[in-house]
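Scroll down for the structure; my scribbles are underneath it.
The values are calculated or read from the model by the stated rules, or taken from the named source; none is laboratory data. Just so you know, these numbers come straight off a predicted model, no measurement behind them. Cβ placement follows ideal geometry from the backbone for every residue including glycine, while neighbour counts extend to all protein chains displayed.
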Amino acid sequence: MGKTEVKTAGFIMNFQAHLDDVMNGLKAIEEDLDETLQQILVKSSGHIQLSKKLGEMELIMDFLKEQGTDEPSKAKNLIKALRKKVYECMELLISQVQKSMIKAVEALSDTQNGIIMINKLSKFIKKLEMMEGMIKE
């Protein structure tokens, strides 16, 4: 086997190793992005629940307007139902505030992860440039 064949074999092995590094980098970035998307979905579901509760309160208020004071017992029950919905909204908001406080701390971690992802992408570009350089030779 000549020097050219050995050099070519080494080139192919080195190129394959860099290609594997690039693929692993892409997978890591994709996992980070998937985690971020999951967090966004969880946050939006809380807003949907709150919106639903507020809609229910609005319906109770409309029904209370229509009923007026014709039947005090029904009006009283509607007021109790409305009060219950207000407490449910408060409970949901308190829960969201707690989650927001936890997420504020997690945001620092997310920032760090974003910086790490940028670093990974920079390394990815360097690997690509190295691979391009190898091909030119």
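Here are some notes:
- Scan of the stretch 74-92 for residues that are closer than 11 Å to Glu56 by Cα and either among the β-branched types (Val, Ile, Thr) or touching a strand residue (DSSP E or B) at 6+ places or on another chain (Cβ under 7 Å) (or both), ordered by number: Val86
- Complete set of residues in the stretch 32-84 that are under 19 Å from Ile94 (Cα atoms), at pLDDT below 85 and of a type in the set (Ser, Thr, Tyr): Ser44, Ser45
- The selection criterion, being over 18 Å from the mean Cα position of the chain (by Cα), surrounded by 11 or more Cβ atoms within 10 Å (Cβ to Cβ) and part of a helix (DSSP H, G or I), does not hold for Ala107.
- The stretch 44-70 residues that are over 30 Å from Ser100 (Cα atoms), paired with ones that are at pLDDT 80 or above and among the β-branched types (Val, Ile, Thr) (beta carbon under 9 Å, 6 or more apart): Leu64/Ile79
- Residue in the stretch 58-66 that is under 30 Å from Ala28 (Cα atoms) and either surrounded by 14 or more Cβ atoms within 10 Å (Cβ to Cβ) or among the acidic types (Asp, Glu) (or both) present: no
- Applying the criterion of being of a type in the set (Asp, Glu) and touching a helix residue (DSSP H, G or I) at 6+ places or on another chain (Cβ under 6 Å) to the residues of the stretch 30-57, the residue that is farthest from Asn113 (Cα to Cα) is Glu56.
- Breaking point among (1) surrounded by 12 or more Cβ atoms within 10 Å (Cβ to Cβ); (2) β-branched (Val, Ile, Thr); (3) closer than 30 Å to Lys127 by Cα; (4) modelled with pLDDT of 85 or more, for Ile115: (1)
- Among the criteria (1) in contact (Cβ under 8 Å) with a residue 12 or more places away in the chain; (2) closer than 30 Å to Asn113 by Cβ, the one Ile79 does not fulfil is (2).
- Single residue of Met23, Met57, Met90, Met101 found to be part of a helix (DSSP H, G or I) and either closer than 30 Å to Ile135 by Cα or of a type in the set (Gly, Ala, Ser) (or both): Met23
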